[in-house]
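The structure appears right after this line, and notes come after that.
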Amino acid sequence: MRILAGQIALETKLFFRRKDELFWNLAFPMFFMVLYGLIYGSTMWGDILAIEYMFPGIIVMALMVNGIMVTATVFVEERGKGIYRRLSLTPLKRQTIIGAQILHRYIVTLVQTLLLLAVGVFAFKVNIVGNYFFFWLILTFGSLCFLSIGFALATVIRSTRSATPICMIAFFMMLFLGGIFFPTNIMPDFLVVISKALPSTHLNDALRLVVIEGAGPGAVWLELLAVGGWFVVSLGLSIKFFRWE
């Protein structure tokens with residue numbers, strides 16, 4: 001446990017030294033929150049504010065930026081520099097390295113979400129109808145899911161040069177097919193089938209039901225089951241195929 005805590009502290013120190021990570025994890029989602037808030041802040045879609053409908057999608061996008069784009073690319077870059085090859089000569093186990101990074105990035109996720117909540121609620125009058133504890137629980141499921149997907153991608157990416165293109169393909173596929181910024185029912189039927197298999201779709205639906213309709217566990221258990229399934233499979237692949245170099 002002490003080794004894990006030390007590794008988390010190290011990852012946190014490195015995070016604050018990487019200006020690009022600070023931008024993508026904190027500034028980038030905030031930019032979209034402010035942008036959409038200024039554009040749609042007073043617009044009504046039916047009986048809800050447009051920004052309230054889009055708010056869960058912005059959170060899901062932030063989770064994917066942290067979990068897929070940043071996690072996978074940074075991990076591949078550090079592996080390419082031989083950092084993990086040197087760590088393999090220490091008592092650190094692969095489970096400890098992956099676990100420390102997941103917990104560190106989960107903390108980053110909480111900071112992301114608190115900032116988005118603060119801007120959404122106080123600047124653009126976003127109203128979360130549902131229970132905040134249940135909101136946090138769904139957020140945790142989603143964060144762990146995308147982080148494990150990011151590590152799973154890192155295990156199959158062979159070079160630093162190919163990391164960004166591969167991660168961008170995964171990110172944008174889940175972004176645009178996940179119903180985050182527009183409903184999936186306007187897609188062609190074959191894309192709807194793909195959309196229903198993506199974790200971003202299920203996470204977005206779950207968060208939207210809680211935020212807008214105040215739904216409880218009974219209404220979103222299928223979505224959480226799907227997200228949890230992605231997490232378990234991706235984490236298993238990450239550990240099984242982890243490479244030190």
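L89 to V156: FRET efficiency via 1/(1 + (r/R0)^6), r the Cβ-Cβ distance, R0 22 Å, to the nearest 0.05?
0.35
As a test of the formula, what do you get for the chain when each DSSP H run with n ≥ 4 contributes -39,500 (n - 2.57) and the sum is divided by the residue count, at 222 nm and rounded to the nearest 500 deg cm²/dmol?
Computed mean residue ellipticity for the chain: -23500 deg cm²/dmol.
Just need the relative contact order of the stretch 2-240 here, percent rounded to a whole number, with Cα pairs under 8 Å and 6+ apart.
This gives 28 percent for the stretch 2-240.
Kirkwood Rh, the stretch 70-117, all Cα pairs: how many Å?
Its Kirkwood hydrodynamic radius stands at 12.1 Å.
With equal scatterers on the alpha carbons only and no solvent term, can you work out the Debye log10 of I(q)/I(0) for the stretch 108-152 at 0.27 1/Å?
Rounded to two decimals, the profile gives -1.01.
Rank C167, L177, V227 by how far each Cα sits towards the positive end of the charge dipole of the chain (+1 on Lys, Arg Cβ; -1 on Asp, Glu Cβ) and give me just the farthest.
After comparing all options, I get C167.
Kindly provide the pair-distance distribution of the stretch 165-241 built from C-alpha pairs, with 5 Å bins from 0 and whole-percent values in order of increasing distance.
Pair shares across the bins are 3, 15, 20, 23, 21, 11, 5, 2, 0.
Would any residue of the stretch 103-125 have its amide N under 19 Å from a label point 7 Å out along Cα→Cβ of K81? List them or say none.
Flagged as within label range: 104-105.
Can you divide the C-alpha Rg of the chain by 2.2 N^0.38 Å and report the result to two decimal places?
1.02
Which listed residue (F122, Y132, G99) has the Cα farthest towards the positive end of the charge dipole for the stretch 2-240, taking +1 on Lys and Arg C-beta and -1 on Asp and Glu C-beta about the Cα centre?
Positive-most Cα among the choices belongs to G99.
Got a sec to turn the phi values of the stretch 162-170 into Karplus ³J(HN,Hα) couplings, 6.51 cos²θ - 1.76 cosθ + 1.60 with θ = phi - 60°, whole Hz, x for Gly and Pro?
3J(HN,Hα) across the stretch 162-170, in whole Hz: 8, 5, 4, x, 5, 5, 5, 4, 5.
Separation of the stretch 1-77 and the stretch 112-166 by C-alpha centroid, Å?
Value for the Cα centre distance between the two parts: 6 Å.
Distance in nm between label sites at W45 and M173, each 7 Å beyond Cα in the beta-carbon direction?
Each label point lies 7 Å from its Cα, and together they span 2.5 nm.
For the chain, with only Lys/Arg (+1) and Asp/Glu (-1) charged at the beta-carbon, what is the dipole magnitude about the Cα centre, in debye rounded to 20?
Dipole magnitude for the chain comes out near 1260 debye.
Tell me, what are the semi-axes, in whole angstrom and largest first, of the equivalent ellipsoid of the stretch 79-210 as set by the roots of 5 times the Cα gyration tensor eigenvalues?
31, 22, 13
Readers should treat all values here as calculations from the given coordinates under stated rules, not as data from a laboratory. Keep in mind that this is a model prediction, so the values were computed, not measured. Because the Cβ atoms are built from the backbone with ideal geometry, glycine has one as well, and the counts that use them run over all protein chains shown.
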